[in-house]
Amino acid sequence: MEINPVHSRSVLLVIGTLFLLCGCSSTNKYPPNFVLLKDYNLDKYHVVRKMSEDTNFKIKPNDFYVHPYYIGIAASVNPQTRDIFLSRRALNSECLDFFIAHEMGHLQEGVGGDQLIADYYGAMFVGKEKGEKCLFVLFEDSLKYFRKDTPTDRAFYYNHIRIFSFRLYSFHSCVI
């Protein structure tokens, strides 16, 4: 059987491209620019790991990662792997505990989970006053990154303000 050099080069190119795009090896779940928090900052890792051990949370996160693409203060959770992703600014925020509890709230409520319910978990962990302050910090920070060049950009911007206003109102009126 003769091997076609053009075909084998194409196959190698596809495999190499997939490897580079995924950045995955047999031991990594995410591309290499997603750094484990314990490798990035061991002190912060111990802080968030201790917070995640709180008994109010039945479902615990598996691990914590520093997300390379988040700008501003941001956090998210992968419900399938139960990993939490944090921006560098979130790691240095005084509201880190609220953000971790909020993301863990998403885990408690299943895939996705409602933002208001996750806010409630955040407030359970840090208290209503600090939780409300942290929502304001998150809201003010997020407004910096919206473009307002086109009518569509402005519509997204104002919709974002409406959504956050509703979250703040619901948080203030519903959280004990």
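For the range 33-138, what does the alpha-carbon gyration tensor say about shape, rounded, prolate or oblate, given a ≥ b ≥ c as the root eigenvalues, a/c under 1.5 as rounded, and a/b over b/c as prolate?
Cα axes put the range 33-138 in the rounded bin.
What list of ³J(HN,Hα) couplings, whole Hz, do you get for the range 66-75 from phi and the Karplus terms 6.51, -1.76, 1.60, once you set θ to phi - 60° and write x for glycine and proline?
Calculated HN-Hα couplings, in order: 8, 7, x, 9, 6, 10, x, 8, 8, 8 Hz.
Where Lys and Arg each count +1 and Asp and Glu each count -1, what net charge lies around Val35 among other residues with Cβ under 14 Å from its Cβ?
+1
Mind sorting His46, His160 by how few other Cβ atoms lie within 10 Å of their own Cβ, fewest first?
In order of increasing Cβ crowding within 10 Å: His46, His160.
Quote the FRET efficiency, to the nearest 0.05, computed for Tyr158 versus Lys130 with a Förster distance R0 of 25 Å and r equal to the Cβ-Cβ distance.
0.35
Can you compute the label reach from Arg49? Point 7 Å from Cα along the Cβ direction, backbone N cut-off under 17 Å, restricted to the range 66-104.
66, 83-86
How would Glu53, Glu132 line up from fewest to most surrounding beta-carbon atoms within 10 angstrom?
Glu53, Glu132
Can you list the aspartates and glutamates whose alpha carbon sits under 20 Å from that of Lys148, skipping same-chain ones fewer than 8 residues off?
Answer for Lys148, where 20 Å is the Cα cut-off: Glu140, listed by chain and number.
Just report the Cα centroid separation between the range 28-67 and the range 74-105, whole Å.
Measuring centre to centre over Cα atoms gives 9 Å.
Run the quick spin-label model on Gln108 and Leu42: label points 7 Å from Cα toward the beta carbon, then report their separation in nm to one decimal.
3.2 nm
Please arrange Thr150, Thr81, Thr55 by counting, for each residue, the other beta carbons lying within 10 Å of its beta carbon, fewest first.
Listing Thr150, Thr81, Thr55 from fewest to most nearby Cβ atoms yields Thr55, Thr150, Thr81.
Which FRET efficiency value, to the nearest 0.05, do you get for Lys144 and Asn33 by plugging their Cβ-Cβ distance into 1/(1 + (r/R0)^6) with R0 = 25 Å?
Result of the calculation: an efficiency of 0.60.
Values in this text are rule-based calculations from the coordinates and carry no lab data. Note that this is a predicted model, so its numbers are computed, not measured. Neighbour counts run over all protein chains shown; Cβ positions are idealised from the backbone, glycine included.
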